[in-house]
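The values are calculated or read from the model by the stated rules, or taken from the named source; none is laboratory data. Since this is a predicted model, take the numbers as computed values, not measurements. Cβ placement follows ideal geometry from the backbone for every residue including glycine, while neighbour counts extend to all protein chains displayed. Note: accessible area is taken over every heavy atom of the protein model, side chains too, but ligands, DNA and RNA are not part of it. Shrake-Rupley method; radii C 1.70, N 1.55, O 1.52, S 1.80 Å.
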Amino acid sequence: MYINLFKTRFLNTRLKGIQRFVKPFVSKTGDYKMSEQQNFETGELIEKPSHLERTSHIERQKSKVPAEIISIISQTPTIKSFLFRPPPSYIPEFSFLPGQWLDVFIPNVPIAGGFSLTSTPHQYTLTNTFELSIKYSTNPPAKWFHENAKIGDSVEVRVGGDFVWDERKEQEDETECVLFIAGGVGINPLISMFTSILEAKNNTNVNNMMGVKKIRLLYSARSFSELLFYNRIEKLRKEWPHILECKYFLTGENAPPSQSPSTNDEAEFYYGQRISQKILGDIIMKERENLEKLKCFICGPPIMRNDFICWLKSAGLIEKRILLEKW
C-alpha cells in the first residue's frame, strides 16, 4: 500500500513540474496530452505524464516514417507482437540501434505511444520489417493496438532512446561479459540487444575470442505464460550454449506449471522467488577478476532497478557500467 501511495505522490509532484515546463510546447495534434491511468487499489483515474512528456529530454529522429502492420501474433495472454513495413520510398530513412524505442502516432488516437523495438537492425536490413511487442493496458495507444489494430492499418513512427547496444562503443569499452536483467516486458529492448550480439557473431569471420564472450540473462515474470519470447530466447541459448546463459524467475508460481518445459532442459527456473542479491553477487564473483570488462543492462519496474543498482555497486561493479532504461 505504501509503495502505491508513494508512486501516486511522486507522479503528482512530477506532473506539476512537467505542466510548468512542457505546457507552452503542447502541440495541436495532442502529442503532449496527459494520459489517464487507473489506480488499481482505489479504482480512481489518475493523470500520468504521457510518453512524449516523460521522454522530452531524450533525442529522437526528426522525421516520422509511415509503417503498415503486416502481421499480428499473440505472444502471451496479455501481449501481442506487431510486424511493420515502411513504404519502399521510406525504407532508407528508418534505422535504429538495438534497445531503442519508437514514438508511435496512431490516427484518431489523441496521444502518442512509446514502445521498444523487439527486432534487430539486422532483421530490418534483411526484410525491411521491424517488430513491436505491446502489453495490453488502458493507455490509449496500447488499447488501440489490442482492440482495434488490424493487418493493413498504418501508423507513423519515430526512433528515439539512448538505452542502446552500440557495438562500436562496446568494443571501445572492451566489453566481454554482459548481464541483462529484465522484469516483465522489460525484456523488450534487451532481446533486441542480445540477439544483435549473437547475430554479429553469426555474420562475421572474426574469431570468437574477440568481443562478447559471455551473456547472462536474468528474466523475471509473474508466470510461465507471461514469459515473453521464451521460445525465441531458448532457441538462441541452444544455438550458443557456451555464450548465452539464462535464469528465469516466476514470482507468482511456487512449482512448475503443467505447460512449463521439461526439468531435463538446461534452462534454470526459480519458482516463487525474485532475482536476489545473492544471485547477483554470485555472478559478480564469477567475473571478479574481469569486472572492468563486465557491463549490465537493466529494464524493469523502478523499485527493482533501484535494488539492483545498489546490489551491483556493493558487489564491486562501477556505476558507469550499469545502464538503465528509465522511460
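Computed over protein heavy atoms with a 1.4 angstrom probe, the accessible surface ordering of F194, F224, largest first, is F224, F194.
For L317, the shell of other residues with beta-carbons less than 10 Å away shows a net charge of +1, using +1 for Lys and Arg and -1 for Asp and Glu. Across every pair of non-identical alpha carbons in region 44-123, the mean reciprocal distance, once inverted, gives a Kirkwood radius of 14.7 Å. Charged neighbours of Q123, selected by a Cβ distance under 11 Å, balance to -2 (K, R count +1; D, E count -1). Computed over neighbours whose Cβ is under 10 Å from that of V157, the net charge equals 0, Lys and Arg +1, Asp and Glu -1.
Can you sort K247, K48 by 1.4 Å-probe accessible area, starting with the largest? All intermediate terms of the calculation are to be shown ahead of the outcome.
Numbers: K247 20, K48 65 Å².
The most accessible residue leads, giving K48, K247.
Of the whole protein surface, T129 contributes about 10 Å² of accessible area at a 1.4 Å probe radius.
When region 90-162 is described by a simple charge dipole with +1 on each Lys and Arg Cβ and -1 on each Asp and Glu Cβ, the residue from S95, F145, I111 located farthest towards its positive end is F145. Taken per residue, the accessible surface of region 283-327 reaches 53 Å², heavy atoms only and a 1.4 Å probe. The accessible area of W311, taken with all protein chains in place and a 1.4 Å probe, comes to roughly 60 Å². The mean of 1/r over all pairs of different alpha-carbon atoms in region 80-156, once inverted, gives a Kirkwood hydrodynamic radius of 13.0 Å. Taking all Cα pairs closer than 8 Å and separated by 6 or more residues, the relative contact order of region 51-200 comes to 32 percent.
Rank these residues by their accessible area, most exposed first, probe 1.4 Å: K143, K201, K238, K295. Don't skip to the answer; put the middle values down first.
On the way: K143 80, K201 30, K238 125, K295 5 Å².
If we order K143, K201, K238, K295 from most to least accessible, we get K238, K143, K201, K295.
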